[in-house]
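Computed from the coordinates by the stated procedures, all read-outs in this text should not be read as laboratory data. In this text the structure is predicted, and so the values were computed from the model without any measurement. As a convention, Cβ positions derive from the backbone with ideal geometry for all residues, glycine included, and neighbour counts pool all protein chains shown.
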Amino acid sequence: MLRFVQLLPQAAPEGEFLLKDLPGSGKRIDVLCRDLAACFDWGPISWSKSNLELIAVIGESIILTFRDPQNQIPKGEVGWASVIRDSLRGDPPAFVEVSEGYVEDIIKELNQPKVSKLWVLDEEGVYLSEIDSYQKTTQNSFMLGDHKGFDSQTKKFISQFDIQKVSLGKKSYLSSHCLATIISEFERKFR
Ligand SMILES: C[S@@+](CC[C@H](N)C(=O)[O-])C[C@H]1O[C@@H](n2cnc3c(N)ncnc32)[C@H](O)[C@@H]1O
């Protein structure tokens with residue numbers, strides 16, 4: 001299982017945003033829409049979508065878990081935004097699970113030696129190509145910040161739980177680009 005965790009502490013947890021103004025009214029919910037398209041639409045070539053999962057933490061404690069939409073892939077950013085909005089308003093489709101929890105809980109759950117490995121995507125980390133410790137048979141999860149990176153509380157958890165930082169280079173990329181790059185690296189490594 002390859003999993004992504006997108007943190008969006010500033011996004012509106014009630015789903016009160018306009019489809020015509022996702023960055024402004026959605027407080028950068030457009031980031032998540034592009035992540036989802038990269039994860040379940042255009043990103044994977046040989047990696048099975050049933051082995052992909054995307055967890056979004058919206059605001060402080062709303063968690064949306066997205067799995068393979070199969071033949072219901074939403075169209076474009078607005079299609080994904082409608083799915084997010086319906087889910088936040090209590091009417092998720094079958095491929096989305098809505099729950100409550102905090103970033104710290106997710107870190108603890110996904111960072112379990114020998115069972116599940118959690119990484120943080122960070123420009124200052126170790127280069128992706130230099131890492132050789134992906135767990136082939138278990139779970140790898142990659143956590144991403146929002147347009148501002150990680151807030152101070154999350155940085156504290158990253159250091160407290162000693163989460164390894166992985167870099168795709170010194171340049172700051174769109175989160176969706178990061179997701180697609182990781183998927184492609186896993187396709188190459190575990191072909
Ligand atoms: C748009 S970037 C954040 C913007 C920028 N890092 C900042 O702090 O202003 C969103 C997230 O994508 C990931 N990311 C972007 N570029 C990256 C890179 N070159 N290497 C690793 N992760 C990256 C990080 O998790 C980052 O928090």
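Observations, loosely collected:
- Share antiparallel - DSSP beta bridges, the chain, percent rounded to 5: 35
- Cβ crowding within 10 Å averaged over residues, with 26-34, 157-165, 114-122 ranked highest first: 26-34, 114-122, 157-165
- Taking other residues whose beta carbon is less than 10 angstrom from the beta carbon of residue 179, and scoring Lys, Arg as +1 and Asp, Glu as -1, yields 0.
- Alpha-carbon spread of the chain, three principal axes, descending order, Å: 42, 37, 30
- Summarising the label geometry, the points placed 7 Å from Cα in the beta-carbon direction at residue 153 and residue 82 lie 3.3 nm from one another.
- Every Cα-Cα pair of region 98-144 was included, and the share exceeding 15 Å stands at 50 percent.
- Among 106, 63, 45: highest mean-square fluctuation, GNM of the chain, C-alpha pairs under 10 Å: 45
- Each of 2, 69, 106 was placed along the dipole of region 2-189 (beta-carbon charges, centred on the mean Cα), and the one lying farthest toward the positive end is 2.
- Seen from residue 97, the other residues with C-beta closer than 11 Å to its C-beta sum to a net charge of 0, counting Lys and Arg as +1 and Asp and Glu as -1.
- With the simple spin-label model, which puts each label point 7 Å out from Cα in the Cβ direction, the residue 187 to residue 165 separation comes to 2.9 nm.
- Linear extension gain, residue 10 paired with residue 174, 0.36 nm per residue minus alpha-carbon span: 57.3 nm
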